[in-house]
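The values are calculated or read from the model by the stated rules, or taken from the named source; none is laboratory data. In this text, all values refer to a predicted model and were calculated from it rather than measured experimentally. Cβ: placed from backbone, ideal geometry, glycine included. Neighbour counts: every protein chain shown.
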Amino acid sequence: MSIPADKQLEREHHPDAISARLGIKPRSQSVSDAVLGGIDGCVTTFAVVSGVVGAGLPPSVALVLGFANLFADGFSMAVSNFESTTAQREFIEHTRRKEALHIDKVPEGEREEIRQIFRKKGFDGAVLEEIVATISKDRELWIDTMLTEEHGLQKESPNPWKSAAATFLAFLTVGAIPLLPFLGGAADVQTAFVWSALLAAGVFFGIGMLKSYVFDKPMFASGLKTLLTGGGASAIAYFTGYVLRETFGIV
């Protein structure tokens, strides 16, 4: 028997439940990395397929270029994600060290920053001074507060290795799907292309729906939006290949 949403919310906000939840260290999530990698992987390979078919090239070209782009672009995207996440971590640590130095060198100035930050939130008088005193007597809390309130940074950042791995695996797994019909010995390139398009459309729509489920968004609208985005990129590739074939006589 399912629990009504209101009752479930009440249970989740019971003091014991709140205490247990806040006692768990936040874990970095890789859903966004996997979604991005999956969408980009499918767009990459299906765009290659569309360009090849639009240009009238043989199916073997779609396979060669598709798998070459699959591994090369997947690796490139994973490395880029790794470097980006690492840079984010390094920036957070740099800011943390800078704030620690400021607290050591000009503690009164840093207390005044805390005071002004919380005054803007509506605190004043004795309550404000108690907040300043409470925060400034705990050095780590003080640094964390400056990190989030002054610089708008999170205390924790995603693990670069997990982000890169999630991106790469999603890119390869999902990106290989539009190439499958060309491995199955289809009667002709057009038949393979139709099956590839259907698979790619299903992938785009499915990823959009999965994303909406994870982030509590309208499922159909999210699926349709992702489908249109991926389909638009593939249509550009197809017509580019077609125009080049008609203009330069590519066969």
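Observations, loosely collected:
- Any hit, region 237-249, residues being more than 15 Å from V35 (Cα to Cα), of a type in the set (D, E, K, R), at pLDDT 75 or above and part of a helix (DSSP H, G or I): yes
- Extreme residue, farthest from N159 (Cα to Cα), among residues of region 98-116 that are within 33 Å of the chain's Cα centre (by Cα) and hydrophobic (A, V, I, L, M, F, W, C): I114
- Residue pairs meeting the criteria (Cβ under 7 Å; at least 6 apart or on separate chains; first farther than 18 Å from F193 by Cα, in region 226-251; second modelled with pLDDT under 75 and not polar (S, T, N, Q)): L244/I250
Here's the yes/no breakdown for (1) in contact (Cβ under 8 Å) with a residue 40 or more places away in the chain; (2) more than 27 Å from the chain's Cα centre (by Cα); (3) surrounded by 12 or more Cβ atoms within 10 Å (Cβ to Cβ); (4) part of a helix (DSSP H, G or I):
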residue	(1), (2), (3), (4)
A17	no, yes, yes, yes
D33	yes, no, yes, yes
I39	yes, no, yes, yes
R96	yes, no, yes, yes
F118	no, yes, yes, yes
G122	no, yes, no, no
L128	no, yes, yes, yes
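- Within region 98-115, being surrounded by 12 or more Cβ atoms within 10 Å (Cβ to Cβ) and part of a helix (DSSP H, G or I) holds for K98, E99, A100, H102, I103, P107, E110, R111, E112, E113, I114, R115.
- Check on T145, of a type in the set (S, T, Y) and exposed (fewer than 13 other Cβ atoms within 10 Å of the Cβ): no
- Meets criteria (under 24 Å from A68 (Cβ atoms) and either surrounded by 23 or more Cβ atoms within 10 Å (Cβ to Cβ) or in contact with a Ser or Thr (Cβ under 9 Å, 6 or more places away or on another chain) (or both)) for A165: yes
- Residue satisfying condition, being aliphatic (A, V, I, L, M) and either surrounded by 18 or more Cβ atoms within 10 Å (Cβ to Cβ) or more than 29 Å from the chain's Cα centre (by Cα) (or both), within set V79, V53: V53
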